[in-house]
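Enquirer: First the structure, which I've put down as structure tokens, then a few questions once you've had a look.
The values are calculated or read from the model by the stated rules, or taken from the named source; none is laboratory data. This one's a predicted model, so the numbers in the text were calculated from it and none came from an experiment. For neighbour counting, all protein chains shown are included, and Cβ atoms are generated from backbone atoms with ideal geometry for every residue, glycine included. Surface accessibility is based on the protein's heavy atoms, side chains included, excluding ligands, DNA and RNA. Shrake-Rupley method; radii C 1.70, N 1.55, O 1.52, S 1.80 Å.
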Amino acid sequence: MTQAIEFTIRGISINQIMISHTSDQLRGRSIDLHKVLVTNTTPRQTKIICTMGPSCWDVPMLENLIDHGMNVARFNFSHGDHQAHGACLERLRTAASNKNKHVAVLLDTKGPEIRSGFFANGVDKITLVKGETLVLTTDYSFKGDSSKLACSYPAMATSVKPGQTILCADGSLVLTVLSCDVAAGEISTKIENNARIGERKNMNLPGVVVDLPTLTEKDIDDITTFGIKNNVDFIAASFVRKAEDVHKIRSVLGESGKHIQIICKIENQEGLENYDSILEATDGIMVARGDLGMEIPSEKVFLAQKMMIRKANVAGKPVVTATQMLESMITNPRPTRAECSDVANAVLDGTDCVMLSGETAGGEHPVAAVSIMARTAVEAEGAINSDGLYQAVRNSVMAEFGCMEGMESIASSAVKTAIDVNAKLIVVCSESGKTARLVSKYRPPMKVLCLTPLATTARQCQGVLKNVESMVMESMVDTEKIVLSAISGMVSGGELKKGELVVVIHGTGDKIGSTNQMKLVTV
């Protein structure tokens, strides 16, 4: 038997008292010796994205990754073909079905890139000497050597200026531009360090506005031929530089792919400069620290990370922190202490997801990497004051926007109520997932269960929304009956006990976005 206290809003906003939340003490006052020495056993809130590759793409290994915390499988379209990705996707869905888990699929586009060319005489590497001159030519058919190399960017000679820096091979080779011959399509550079590089290495032009399309022909084919056809859940768009790039991707997705959410990877200075408009247009953000660290000074990357995460938190859009999080675990069974701190600090910054790349795709210890990342996230979450965080998010939202729309006000109130009454669970009925996203935005310490009739919504919410799990229901007709059924199932499964409180929010109509009720239910 259940008791319910119901608050109904029909087009009327709820006025909430804005509480000033400031601290006169140093950070970390909630951390004591007990937290340091005793393992935190609370459920993990932060989501984990794992990159697919030879080290993890068979069914037993995928099941193992799911068991240890994988929420999203990333398919990196910088490598492989549609046939190989399709086979891996089939195995992933088999593993997820076997485990009865919602695992989202993310298609990561290759995007525009600038690469060095091929070498003459069949050599696989060349040696470059500090102080010598290296000429870059935009004739990509040219076979290079240690004095002259091809570059895949046709507008290189008009894009850079003398004194600017060109980084090659992940920054292992630094070049300074000496002069540009536009007619010949050549750039003379000074080699700033000794290096030995192979063919087709990536090149970065820090501070340069690159004249390349965000979506290449390959990206469009990958999205339309593979992504839409195979019903992926997310597109991670590489090198997004302006909001128009997001609109272009949506037009490519069209009606048949409108359910696919876009996560914009911010990887250069132009993307940072246009971040606010990109954030408004996108469904989510990825802090892609690899190329970003080539485009802006390395010592500035952590500031960019904190800025992007905070703004995404205020906007209520999921944010992923990526690149080299546990990089040493590609070969080592344990991460460095600095890597664990990196993961923890991303969680403390407010990230919704953390991502593994080579650690799972080609590493020797993929399961250990997921397990350690999950444990580190849990420990970081244990250091957060949930009530203070709720107030901080709410105050930031009100300072930024001045007011909330009705649905967000209900979501915010639901989280505050759940914290105040120490509720065990927040249940959200949502077809699109928007209400679940708004609840997650206010960072409740208890689990959020999203009840939805759509498998895609279930995967997207459980995939990237912090502390949200999903359950697919056959229908959303008679929401009260659906909610009670879900609660009864959790009682039977031992997840809820008699007398515990559950906060429920849902709508009264069948229309998407009609959330207008909050209930407090006693189990």
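Enquirer: Share of the stretch 381-523's accessible area from carbon and sulfur, percent, 1.4 Å?
Expert: Values: 2780 of 5480 Å².
Of all accessible area on the stretch 381-523, carbon and sulfur atoms account for 51 percent.
Enquirer: Give the dimensionless ratio obtained when the Cα radius of gyration of the stretch 47-206 is divided by 2.2 N^0.38 Å. Intermediate values should be presented prior to the final figure.
Expert: Working: Rg = 20.9 Å, N = 160, 2.2 N^0.38 = 15.1 Å.
Taking the Cα Rg and dividing by 2.2 N^0.38 Å, one obtains 1.38.
Enquirer: Treat every Asp and Glu Cβ in the chain as -1 and every Lys and Arg Cβ as +1, leave all other atoms uncharged, and give the resulting dipole magnitude about the Cα centre to the nearest 20 debye.
Expert: It comes to approximately 960 debye.
Enquirer: Now a separate question. Which number do you get for Rg(Cα) / (2.2 N^0.38 Å) in the stretch 392-431? Kindly include the intermediate steps, with their values, before the conclusion.
Expert: Working: Rg = 11.5 Å, N = 40, 2.2 N^0.38 = 8.9 Å.
Scaled against compact globular proteins, the figure is 1.29.
Enquirer: In what order, largest first, do GLU186, GLU474 sit by accessible area if the probe radius is 1.4 Å?
Expert: Numbers: GLU186 50, GLU474 190 Å².
Descending order: GLU474, GLU186.
Enquirer: Order these peptides, 330-337, 43-50, by their mean beta-carbon neighbour count within 10 angstrom, highest first. Could the numbers behind the result be given before it?
Expert: Numbers: 330-337: 14.4, 43-50: 23.0.
Result, highest mean first: 43-50, 330-337.
Enquirer: So which lysines can LYS190 reach, going by Cα to Cα under 30 Å and dropping same-chain residues fewer than 8 places off?
Expert: Partners found: LYS110, LYS125, LYS130, LYS143, LYS148, LYS161, LYS201, LYS300.
Enquirer: So for the stretch 260-321, averaging the separation of alpha carbon pairs under 8 Å that are six or more residues apart and normalising by length, what relative contact order in percent results? Display every interim value, and only then the final one.
Expert: Values: 77 pairs, mean separation 23.7, N = 62.
This gives 38 percent for the stretch 260-321.
Enquirer: Got a number for the accessible area of SER470? Probe 1.4 Å, square angstrom, nearest 10.
Expert: Around 20 Å² of this residue is reachable by solvent.
Enquirer: Would you kindly give the portion of the calculated P(r) for the stretch 145-228 that falls above 16 Å, as a percent of all Cα pairs? Intermediate results must be reported in sequence, preceding the final value.
Expert: Details: 2042 of 3486 pairs.
Of the Cα pairs, 59 percent sit more than 16 Å apart.
Enquirer: On to the next question. Using Cα-only point scatterers and the Debye equation, what is log10 of I(q)/I(0) for the stretch 353-486 at each q in 0.09, 0.11, 0.16, 0.22 Å⁻¹, rounded to two decimals?
Expert: One equal scatterer on each Cα of the stretch 353-486 leads to -0.33, -0.48, -0.92, -1.29.
Enquirer: Also: On C-alpha positions alone, give me the angle between the axis of helix 406-420 and the longest principal axis of the chain, in degrees, nearest 10.
Expert: Roughly 70 degrees, rounded to the nearest 10.
Enquirer: Can you give the calculated 222 nm mean residue ellipticity of the chain, where each DSSP H run of n ≥ 4 adds -39,500 (n - 2.57) and the sum is split over every residue, rounded to the nearest 500 deg cm²/dmol?
Expert: Working: 18 runs with 183 residues, N = 523.
Here the helix-only value at 222 nm equals -10500 deg cm²/dmol.
Enquirer: Given all pairs of different Cα atoms, what value in angstroms does the Kirkwood hydrodynamic radius of the stretch 256-335 take?
Expert: Values: mean 1/r = 0.0739 Å⁻¹.
Kirkwood hydrodynamic radius for the stretch 256-335: 13.5 Å.
Enquirer: If you count only protein heavy atoms and use a 1.4 Å probe, how large is the accessible surface of VAL428, to the nearest 10 Å²?
Expert: So the heavy atoms of VAL428 present about 0 Å² to solvent.
Enquirer: Around LYS424, under 13 Å between beta carbons, what's the net of Lys plus Arg minus Asp minus Glu among the other residues? Please report the intermediate quantities before stating the final value.
Expert: On the way: positive: LYS447, LYS497, LYS498; negative: GLU495, GLU500.
My count for the surroundings of LYS424 gives +1.
Enquirer: For the chain, what is the accessible area per residue in Å², given a 1.4 Å probe and the full set of protein chains?
Expert: Working: 23440 Å² over 523 residues.
In whole numbers, the chain has 45 Å² accessible per residue.
Enquirer: Heads up, I need the accessible area for PHE302: 1.4 angstrom probe, whole protein in place, Å², nearest 10.
Expert: Counting only protein heavy atoms, PHE302 exposes about 110 Å² to solvent.
Enquirer: Just to verify a number: FRET efficiency for ASN422 and SER492, C-beta to C-beta distance, R0 = 25 Å, to 0.05?
Expert: Values: r = 23 Å, r/R0 = 0.90.
According to the calculation, E is roughly 0.65.
Enquirer: Moving on to the next point. Of the listed values [x] 23.6; [y] 24.6; [z] 31.9, identify the label whose number matches Kirkwood radius over Cα pairs in Å calculated from this model.
Expert: [y]
Enquirer: A further question follows. Loop-only trypsin sites (Lys or Arg not before Pro) in the stretch 101-150, please: DSSP not H, G, I, E or B, and at most 13 other Cβ atoms within 10 Å.
Expert: Details: sites: LYS101, LYS110, ARG115, LYS125, LYS130, LYS143, LYS148; in loops: LYS101, LYS110, LYS130, LYS143.
Sites meeting the loop and neighbour criteria: LYS130.
Enquirer: Here's another thing I want to ask about it. Test of the criteria: in the stretch 210-266, which chymotrypsin sites (Phe, Trp or Tyr not before Pro) are in a DSSP loop and have at most 15 other Cβ atoms within 10 angstrom of their Cβ? Could the numbers behind the result be given before it?
Expert: Numbers: sites: PHE226, PHE234, PHE239; in loops: PHE239.
Loop-located and lightly packed - none at all.
Enquirer: What residue among ALA104, SER328, VAL468 has its Cα farthest toward the positive end of the dipole of the chain, where the charges are +1 on Lys, Arg and -1 on Asp, Glu, each on the Cβ?
Expert: VAL468
Enquirer: In the stretch 376-458, if the dipole is taken from +1 on Lys/Arg beta carbons and -1 on Asp/Glu beta carbons about the Cα centre, which of CYS450, ALA380, ASN422 is farthest to the positive end?
Expert: Working it through, the farthest residue towards the positive pole turns out to be CYS450.
Enquirer: Then there is this: What do you get for the angle between helix 366-381 and the principal long axis of the chain? Use alpha-carbon atoms, 0 to 90 degrees, nearest ten.
Expert: That works out to roughly 60 degrees.
Enquirer: Using only Cα atoms, tell me the angle between helix 386-401 and the longest principal axis of the chain; keep it within 0 to 90° and round to the nearest 10.
Expert: Tilt of helix 386-401: around 70 degrees.
Enquirer: Over the chain, what is the relative contact order in percent, taking alpha-carbon pairs closer than 8 angstrom and at least six residues apart? Walk me through the numbers before you get to the answer.
Expert: Details: 1122 pairs, mean separation 87.1, N = 523.
That works out to 17 percent.
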